[in-house]
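Worksheet for the structure shown next.
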Amino acid sequence: MIKYIEENESAGTINMKIVGVGNAGSNIISRIYGKIDGVKFVIFNTDVNSLKYAKADYKIQIGEKTTQGRGTGSDPEKGKFAASEDKDKITEVLKNTNIIFFVVGLGGGTGTGSSPVIAKSARDSGAIVISIVTTPFEFEGEKKTNIARDGLQALEANVDTLIHIPNQKLYEIVENNISMADAFGRIDERVLNIITALSDLIYKPKLLEIDFADICSVVENAGKGIVGLGYGTGEGRIENAARDTINDPLIEQVDIMEAKNILISITGSEDLSLKEFGEAMSIIQKRISSSSKKLGVTIDPTLKNEVKITLLATGIDSRQKETQKKHAPEKKKEEGELPLTSPIEQDQDIDIPPALRKRQSGI
Ligand SMILES: Nc1nc2c(ncn2[C@@H]2O[C@H](COP(=O)(O)OP(=O)(O)OP(=O)(O)O)[C@@H](O)[C@H]2O)c(=O)[nH]1
Ligand SMILES: [Mg+2]
């Protein structure tokens, strides 16, 4: 039988959902709704009023019996009950999804208490779950900080990769006169950039091929993850973007040295040159020692003389298991079939796609 892909068929065999939980999650989703092609946006909340004004493809009330539609009043136990009460609804909405981004502001009751339950349901139904969470500003008080700390642990145990953005760290680096709305805007932008970089690697045509299995190998069962973002335009754009990425103030430099897996996504305008690409890699490699690096390059015709780099480092704690990855599609080898790629030399540090490997070695 001939297997073919129609011209207009989307890469839709990989289903991605972006899920916000609680008010912060809901606000972030509402603000980034529609900005990423090919994905569905979902909100789970106990607070009916907030749901009414939120923007998403699916807005789901959870825990009606537990909270009467009014939120939990900062009680994570209630949040947990709320999600448990509606497990069937949650499973139904999240079924047949390959990869889920979870967006939560920890520190309240709904997001903190229900997101580990929702994440577990999602993983049980076969999805890879990457959560991007914030923890409260110090000025929000000790109670919220403690709730968030416990929530962070509970969530980490139930997701594949946990990316933590401490609001306090943001507070320390923003200008003194920044408004609350603009500070939250920075968080939105970060969440949007992280998800866009990964979804571009999955859905958009790439110059350097990185497939879903490669992405899975970086995010699946990977524990704590960190993300560095860089941007450059005009002269010196690639150098600026690469330096911004590794010096991202929200990255802990110790963590990046410890990371076991690195995914580097470079998105550039059509004039991105091979030399520039090499320059970016050499700047990044000087700082990161991890032996497992995956690289994807996407050309975005809407960019003008610009480059964006996203670096995702995972496997920072000892959680990553050496077990067979459950989601990465196995590459079956028929009897007598030749290996798809040539063997990689011992000192070949980076997992460069075969096409470029050949070009570099002059084959
Ligand atoms: N980025 C962002 N963070 C927010 C926003 N609103 C609240 N937060 C943060 O998220 C934390 C949790 O607050 P909420 O999301 O309102 O709480 P919830 O999950 O709805 O829980 P309950 O209302 O207590 O049931 C807060 O402590 C803030 O640090 C927002 O609009 N954007
Ligand atoms: Mg709420």
Exercise for review: Report, by residue number, each residue of the stretch 21-58 that is closer than 20 Å to T112 by Cβ and not hydrophobic (A, V, I, L, M, F, W, C).
Suggested key: G22, N23, G25, S26, N27, S30, N45, T46, D47, N49, S50
Revision key, fill the gap. Only one of A197, A154 is touching a Ser or Thr at 6+ places or on another chain (Cβ under 6 Å) and either closer than 29 Å to S269 by Cβ or part of a helix (DSSP H, G or I) (or both), namely A197
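Scanning the stretch 34-47 for residues that are closer than 17 Å to I90 by Cβ and of a type in the set (A, V, I, L, M), which turns out surrounded by the fewest Cβ atoms within 10 Å (Cβ to Cβ)? Lay out the reasoning, then the answer.
Filtering the stretch 34-47 for residues closer than 17 Å to I90 by Cβ gives 40-47.
Subset that is of a type in the set (A, V, I, L, M): 42-43.
Values: V42: 24, I43: 28.
Looking at the filtered set, the residue picked out is V42.
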Check your understanding: Name the helices (runs of 4 or more DSSP H) wholly within the stretch 35-105 that hold at least 1 residues that are touching a residue at least 40 places away in the same chain (Cβ under 8 Å), out of contact with any Ser or Thr (no Cβ under 6 Å at 6 or more places or on another chain) and not basic (K, R)?
Key -> 87-94
Exercise for review: Could you list, in sequence order, all residues of the stretch 65-107 that are aliphatic (A, V, I, L, M), under 17 Å from S131 (Cα atoms) and more than 16 Å from ligand 2 (Cβ to nearest atom)?
Suggested key: I90, L94, I99, I100
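Among the residues in the stretch 169-179, are any basic (K, R) and assigned to a helix (DSSP H, G or I)?
Looking only at the stretch 169-179, we keep the residues that are basic (K, R), and these are 169.
If we keep only those that are assigned to a helix (DSSP H, G or I) too, we end up with 169.
The answer is yes; a qualifying residue exists.
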Review point. Does K17 qualify as being within 16 Å of ligand 2 (Cβ to nearest atom), at pLDDT 95 or above and either assigned to a loop (DSSP other than H, G, I, E, B) or of a type in the set (D, E, K, R) (or both)?
Key: no
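The values are calculated or read from the model by the stated rules, or taken from the named source; none is laboratory data. In this text, all values refer to a predicted model and were calculated from it rather than measured experimentally. Reconstructed Cβ throughout: ideal geometry from the backbone, glycine too, with neighbour counts over all protein chains shown.
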